[in-house]
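Here is the structure we will look at.
The values are calculated or read from the model by the stated rules, or taken from the named source; none is laboratory data. All of these numbers come straight from a predicted model, not from anything done at the bench. Positions of Cβ are generated from backbone atoms using ideal geometry, with glycine treated the same way; all protein chains shown enter the neighbour counts.
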Amino acid sequence: MISVLQPELIAQSAPLKTHKYFRVAVPQALTGQTLVAFLQELMAFDDLADALHLATLLLQHGYIFPVIEHSLLVKDDNTLYRLQLPYFWPSHATHTDNVEYAIYLSKRLMRNEQKHGLEEDEVEAYNKLLELLGHMWDFITVQAEMQLKIQKEKKKSDKVVYDSEERAFWRTRRPGQANCLEQHIQKREKKLRKRTAAVYRTELERLKFTLKTKPWLKAVKASETMVSWCEQFHDYDPFISTPQPSNPWISDDTNLWVLNTDSVEVPTERRVKRWGLSIQELVRDPIGRQVLETFLESEFSSENIRFWMAIQDLKFSTNEQVERKAQRIYEEFLSSGAPCQ
């Protein structure tokens, strides 16, 4: 896709030509409408919006740039755009440093201030670089003068085009700015590895295991279990069902909190019904756990619930308490001759 953006190749379908903008000649440019139509034809897009989106991505990544209006969105109208010089493509210009940027800013300062003057952020960057690279500023100045001398030998139209290409490049790739690519494309290419026979064998074994265990059936069963669980707890979710007797945050009636405290003598009917959903719901409620303890005492097996409660307390203890509580559990429940063995 990017190779098609070579100026000599794109000229066949979307020729670059000189346009007039308020009596000013703009060489080697094309309109947004022409660019979008070219991309739609090239990629065989059915929807014009897809071509417009692709053009915007190319602009944001630095492969094309606007000539007059500095915007990050491509417009499907007569707005003028230029194709970036392949030398300045992000896939070619892999790294930019402070020295190159300092040479570019110095070169701008040596030219006509009205046409090539620095913007506020560029002035700030220039001052910082001058302080940072002061020990090699003579070298930077000499390099800027040499590049400026070579550029003066070009034709006027070529100088205008090159100036815009260079400025567009440094606008998006200057040091210290976020790169438009989260991970550079060349770094991605280095990680590509040729798939070996061992890789295919491992994938084949994994697929065979999948066919054997049939995880899609387990997923269906899990979804059914989840739906059943949600239906069971529908009446106990205050976001779905209206609390009884009323929501204290809306009605200022605190009876709901009073009836559901851990120290209430008679639990509500809804609370007792919830104990029947699972053993976890029963032991999670302090009153339910107390009822279970009373029942187990009558069956002479209360040590079971006491052992479970001690283990739960151990699981959520601090590190300094673990050894002491584990020793107490061992002495009370697990050691030879323990009182609750």
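Is there a residue in segment 124-134 that is in a helix (DSSP H, G or I), touching a helix residue (DSSP H, G or I) at 6+ places or on another chain (Cβ under 7 Å) and of a type in the set (Ser, Thr, Tyr)?
yes
Just wondering, is there one or more residues in segment 241-249 that are touching a Ser or Thr at 6+ places or on another chain (Cβ under 9 Å) and either among the small types (Gly, Ala, Ser) or in a loop (DSSP other than H, G, I, E, B) (or both)?
Keep residues of segment 241-249 that are touching a Ser or Thr at 6+ places or on another chain (Cβ under 9 Å), which gives 244-245, 248.
Filter again for either among the small types (Gly, Ala, Ser) or in a loop (DSSP other than H, G, I, E, B) (or both), leaving 244-245.
Yes, some residue in segment 241-249 is touching a Ser or Thr at 6+ places or on another chain (Cβ under 9 Å) and either among the small types (Gly, Ala, Ser) or in a loop (DSSP other than H, G, I, E, B) (or both).
Okay, residues lined up against (1) touching a strand residue (DSSP E or B) at 6+ places or on another chain (Cβ under 8 Å); (2) of a type in the set (Val, Ile, Thr); (3) in the same structural domain as residue 173 (by TED's automatic domain parsing):
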{"site": "31", "(1), (2), (3)": "yes, yes, no"}
{"site": "54", "(1), (2), (3)": "no, no, no"}
{"site": "58", "(1), (2), (3)": "yes, no, no"}
{"site": "65", "(1), (2), (3)": "yes, no, no"}
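Can you pull out every residue in segment 284-341 that is basic (Lys, Arg) and either modelled with pLDDT of 85 or more or more than 25 Å from residue 261 (Cα to Cα) (or both)? Reasoning before the result, please.
Start the filter on segment 284-341 by keeping residues that are basic (Lys, Arg), which leaves 284, 289, 306, 315, 324-325, 328.
Matches in segment 284-341: 315, 324, 325, 328.
Among what's in segment 86-98 and is surrounded by fewer than 16 Cβ atoms within 10 Å (Cβ to Cβ) and over 28 Å from the mean Cα position of the chain (by Cα), pick the residue that is nearest to residue 130 (Cα to Cα).
Ranking the qualifying residues of segment 86-98, first place goes to 87.
Might you check whether a residue that is of a type in the set (S, T, N, Q), part of a helix (DSSP H, G or I) and in contact (Cβ under 8 Å) with a residue 60 or more places away in the chain occurs anywhere in segment 77-93?
No, segment 77-93 has no match at all.
Scan segment 48-62 for residues that are closer than 13 Å to residue 171 by Cα and either of a type in the set (Ser, Thr, Tyr) or outside any helix (DSSP H, G or I) (or both) and report the count.
1
Identify all residues within segment 251-291 that are surrounded by 14 or more Cβ atoms within 10 Å (Cβ to Cβ) and among the polar types (S, T, N, Q); write none if there are none.
Once the filter is applied, which keeps residues that are surrounded by 14 or more Cβ atoms within 10 Å (Cβ to Cβ) and among the polar types (S, T, N, Q), segment 251-291 yields 260, 268.
Which number in (1) assigned to a helix (DSSP H, G or I); (2) without any contact (Cβ under 8 Å) to a residue 24 or more places away in the chain; (3) surrounded by 12 or more Cβ atoms within 10 Å (Cβ to Cβ) marks the one condition that residue 317 misses?
(1)
Restricting attention to segment 218-246, report how many residues are at pLDDT below 85 and either of a type in the set (Val, Ile, Thr) or under 32 Å from the mean Cα position of the chain (by Cα) (or both).
Total satisfying the criteria: 7.
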